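The values are calculated or read from the model by the stated rules, or taken from the named source; none is laboratory data. Keep in mind the model is a prediction, meaning the values are calculated, not measured. Ideal geometry is used to build each Cβ from the backbone, glycine not excepted, and the neighbour counts take in all protein chains shown.
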Amino acid sequence: MREQIWGGFFDDSWKATEKLTIEMGVRYEAHFMPAAYNLHMVSFWPDRYKGVGSLEGSGIVQGGVSPGAPNDVVFGNWHDFGPGSA
């Protein structure tokens, strides 16, 4: 299985008064699509769900096997923001 994750963060501290210091930070991580080119990963795609009764209508896709499904059937996450580390 292969997956790439890129991340970075920014943090800063600001001394507002002698007794008050403000710490700020933000972190971002980009998770690229994981793929297992020799394992044919399985995932659920809601847009292909048509009901129970057949594998094709169940929304279950297998990477590189199901029609129109690429090898990497699990999508990445590009919206991962969080607090920075201080």
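Tabulated data
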quantity	calculated
Hits in segment 64-86 (condition: of a type in the set (S, T, N, Q) and either surrounded by fewer than 16 Cβ atoms within 10 Å (Cβ to Cβ) or at pLDDT below 75 (or both))	Asn71, Asn77, Ser85
Qualifying residue in segment 18-34 (condition: basic (Lys, Arg), more than 19 Å from His79 (Cα to Cα) and modelled with pLDDT of 80 or more)	yes
Extreme residue, nearest to Pro83 (Cα to Cα), among residues of segment 1-20 that are surrounded by 10 or more Cβ atoms within 10 Å (Cβ to Cβ) and acidic (Asp, Glu)	Asp11
Matching residues, segment 49-63, being assigned to a strand (DSSP E or B) and either at pLDDT below 80 or of a type in the set (Val, Ile, Thr) (or both)	Ile60, Val61, Gln62
